[in-house]
Amino acid sequence: MWYLHHTPWWLRALFAAGCTWQAPAQGGQVYLTFDDGPHPEATPLVLEALAAAGMQGTFFCIGKNVDRYPELYNRILAEGHAVGNHTMLHANGRHTSVEDYLLQIAQAGQRIGSNLFRPPYGQISRRQVAALRSRWPQADIVMWSVLSGDFDERKSGTYCFAQVERHLQPGGIVVFHDSTKALPRLREALPMTLQYLQSKGWQSVAMPSVSVPLV
């Protein structure tokens, strides 16, 4: 498994215009994001950690998991966090036709009231970007500047935090996962990350969004 913890300029340039890799950085703002939930154990852990630190996050939810755990999805919203669309079944854009990809986004959009979208695995073709933007001009395709690597079972939570500490700057978008696979590393790395933000005087805030679903 090969991946980059920090997205360099040349990788961003491979994507069509319009993908969001950084966000506003006023006052040391950063953006902690959480993919693949809601999850009955990981999502409450994240919500409790964020609440204790007085910070907010953005949750890119899979439609089928919203169906399974609607109370957790509603709790995310009730506690002031942002949500985003992560397709219905975690579709890999590399292996999904444009038509099926848009269908999965629309299915998830019936459950997730947000214009934010993150492609699972970060896999989305230029054709898919163009088709998505044509159908939903309001969509914000959110990528990232820092990948914690918490999904990587070869790594430790300390290692994942070290990647965040090394690469994060104000305006940066960090990817964690509220999922079964990531939980052992998330449990360790998230508290360390929140303590680090506090030590720097930085604040995690929710991604700017509007409640216009991609349907």
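The values are calculated or read from the model by the stated rules, or taken from the named source; none is laboratory data. Quantities reported herein were computed from a predicted structural model and do not represent experimental measurements. For neighbour counting, all protein chains shown are included, and Cβ atoms are generated from backbone atoms with ideal geometry for every residue, glycine included.
Observations on the model:
- Members of the range 123-142 found to be in a helix (DSSP H, G or I) and without any contact (Cβ under 8 Å) to a residue 12 or more places away in the chain, listed by number: 134
- Any hit, the range 29-40, residues being assigned to a helix (DSSP H, G or I) and touching a residue at least 24 places away in the same chain (Cβ under 8 Å): no
- Any hit, the range 163-172, residues being in contact with a Cys (Cβ under 6 Å, 6 or more places away or on another chain) and either surrounded by fewer than 16 Cβ atoms within 10 Å (Cβ to Cβ) or closer than 26 Å to residue 18 by Cβ (or both): no
- For the condition basic (Lys, Arg) and out of contact with any strand residue (DSSP E or B) (no Cβ under 6 Å at 6 or more places or on another chain), residue 111 qualifies.
- Some residue of the range 147-168 being assigned to a loop (DSSP other than H, G, I, E, B), closer than 19 Å to residue 87 by Cα and either touching a Gly at 6+ places or on another chain (Cβ under 9 Å) or not aliphatic (A, V, I, L, M) (or both): yes
- For the range 170-178, the count of residues that are aromatic (Phe, Trp, Tyr), closer than 19 Å to residue 53 by Cβ and over 17 Å from the mean Cα position of the chain (by Cα) is zero.
- Top-ranked residue of the range 55-81 - restricted to ones that are assigned to a loop (DSSP other than H, G, I, E, B) and in contact (Cβ under 8 Å) with a residue 60 or more places away in the chain, ranked as surrounded by the most Cβ atoms within 10 Å (Cβ to Cβ): 81
- The residue of the range 4-59 that is modelled with the lowest pLDDT, among those that are within 25 Å of residue 202 (Cα to Cα) and aromatic (Phe, Trp, Tyr), is 9.
- Residues of the range 205-214 include none that is closer than 30 Å to residue 108 by Cα and assigned to a helix (DSSP H, G or I).
- Some residue of the range 64-73 being within 14 Å of the chain's Cα centre (by Cα) and modelled with pLDDT of 95 or more: no
- Search result, residues across the range 125-160 that are crowded, with 19+ Cβ neighbours inside 10 Å and more than 15 Å from the chain's Cα centre (by Cα): 128, 129, 132, 136, 157, 160
- Residue in the range 82-109 that is surrounded by the most Cβ atoms within 10 Å (Cβ to Cβ), counting only those that are in contact with a helix residue (DSSP H, G or I) (Cβ under 9 Å, 6 or more places away or on another chain) and closer than 28 Å to residue 202 by Cβ: 85
- Every condition in (1) within 19 Å of the chain's Cα centre (by Cα); (2) under 20 Å from residue 209 (Cα atoms) holds for residue 121 except the one numbered (2).
- Taking the criterion of being closer than 13 Å to residue 123 by Cβ and among the polar types (S, T, N, Q), the only residue of the range 98-113 that qualifies is 104.
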